[in-house]
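What follows is a short report on a single structure.
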Amino acid sequence: MFLAQSAHWTGEVDSVAFTIFGRDIAWYGIIITCAMIIGLIVATIRAKKVGLTFDDLVEVFICAIPLAIIGARLGYVMVRPEYFPSDFGWSDFVQIFAVWDGGLTIMTGVPFGLLGGFLWSKWRKVNFIDVADIIIPVVLLSQGLGRWGNFCNQEIYGAPITNPNLQWFPMAVYINRMGGFYQATFFYEMFLDILFFVILMVVLRHLKVRGAGVLLYAFSYGLIRFVLEFFRDDGDLYAVVNYNQIICGVLALAAAITLAVLIVLKVKKGEKVWYGKGGIPKELLPEIQVQSKSKKEAKGN
C-alpha cells in the first residue's frame, strides 16, 4: 500500500504549457519539437565534415520528419482499440492525428523517417547510407531529450515502488492518477539514450565502416528498449516477454552481427577499420556532393 500523501513534485507538472485561442499547447509537443531542433543542429555539425550544409540537412528533415511523425502516430494508435469505437465519428478521426496530446511510437517512426531520408537521397543523387550514417546516430540524442515529454504527460513508467526509501526522483516518479510512486522508466531511457549517443560519437570518430552509424544506432536502441521493456507500463521485472521486446532483441542482435561481418570482411581485404588518436583522417571521410540546381549555378558564378 502506498503512503498517504497529497502528491510529489513529479506529479504536479501541468501537461499544458499555455493556451492559444482556446487550444491547449502541451509541453509534450514543445519538448519533442525542441528535441528535433537540437538534433538538427548536432547533425549539421557532423554533416559539415562530409560536405553537407545546413540547408541540405533542413531539406532532409523536411522530407523525413513528417513521415516519421505519421509513422510514429500510426504505430501508436493502430494497436489501441480505444481510438476506433463502434460509433466512430469525425472527432475520433481527428483524435487519431492528435500528436500534440502525446502518443508516438519510435519503433514505427524511425523506419518512416528513414524512408523520407531515402527519398531525399534519391532526389539529390547522393549515397543514402553515407547520409544515414551522419544523421541516424543523432536520433538517439533527440529521443532521449524527447522523453521529458513523456514525463510531462505522466506516461512511460514501470512497476510501483512501495518502499519509502526508494521513493525519490529519478528512481521513482509520482503518478497522480495512480496515487503512488512508480519506476521512472522514462528517465532510465532518457539517460541510456544520451549515454549511448555519446559512446556512438566516440566510436564513430575512429571506426571507418560504411553503415556503421545506422547499425550502431539499431544495436543501441534495440538493446535499450529490450532491457527497458522489462520495466515499462506497470510491468514487473522479468515479466512475460512482449512482441516489442522480441523485435528489439532481434534488431540489436542482427545489427551487431551485421556490423561484425562488415568489419571482418574489410579486415580480410587488408583495409583499415579503426583509427586511433585523432580519429579518421578528414581526407578518408566520404564526400557527399548534393546534386542541386542552385549549387551548380553557384559554382558557375
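Every number here is computed from the coordinates shown, using simple stated rules; none is lab data. Keep in mind that what you see is a predicted model, and the values were worked out from it rather than measured. No Cβ is skipped: glycine too gets one built from the backbone with ideal geometry, and neighbour counts run over all protein chains shown.
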- Quick numbers on segment 243-293, Rg and Dmax over C-alpha atoms in Å, give 16.6, 46
- Considering Cα pairs under 8 angstrom that are at least six residues apart, work out the relative contact order of segment 22-300 and quote it in whole percent. 21
- Query: Projected area of the chain, taken from the Cα convex hull and averaged over every viewing direction, in nm²?
  - Reply: 21.1
- Query: Hey, can you list the DSSP H helices of the chain whose Cα span along the axis is 20 Å or longer and whose average Kyte-Doolittle score is at least 0.0?
  - Reply: 27-47, 54-77, 106-124, 128-152, 185-206, 212-228, 243-268
- Query: For segment 83-198, what class follows from the C-alpha gyration tensor (a ≥ b ≥ c being the square roots of its eigenvalues): rounded when a/c is under 1.5, otherwise prolate if a/b is larger than b/c, else oblate?
  - Reply: oblate
- Within the set of other residues whose C-beta is less than 14 Å from the C-beta of G213, count the net charge using Lys and Arg as +1 and Asp and Glu as -1. +3
- Task: Arrange the following residues from fewest to most other Cβ atoms within 10 Å of their Cβ: K266, K208, K282.
- Result: K282, K266, K208
- Could you please report the charge total around K269, scoring K, R as +1 and D, E as -1 over all other residues with beta-carbon less than 14 angstrom from its beta-carbon? +4
- Task: Enumerate by residue number the chymotrypsin sites (Phe, Trp or Tyr not before Pro) in segment 10-113 meeting two conditions: DSSP loop (anything except H, G, I, E, B), and at most 15 other Cβ atoms within 10 Å of the site's Cβ.
- Result: F21, F88, F97
- Note on the structure: Cα convex hull volume per residue for segment 27-126, in Å³, equals 106
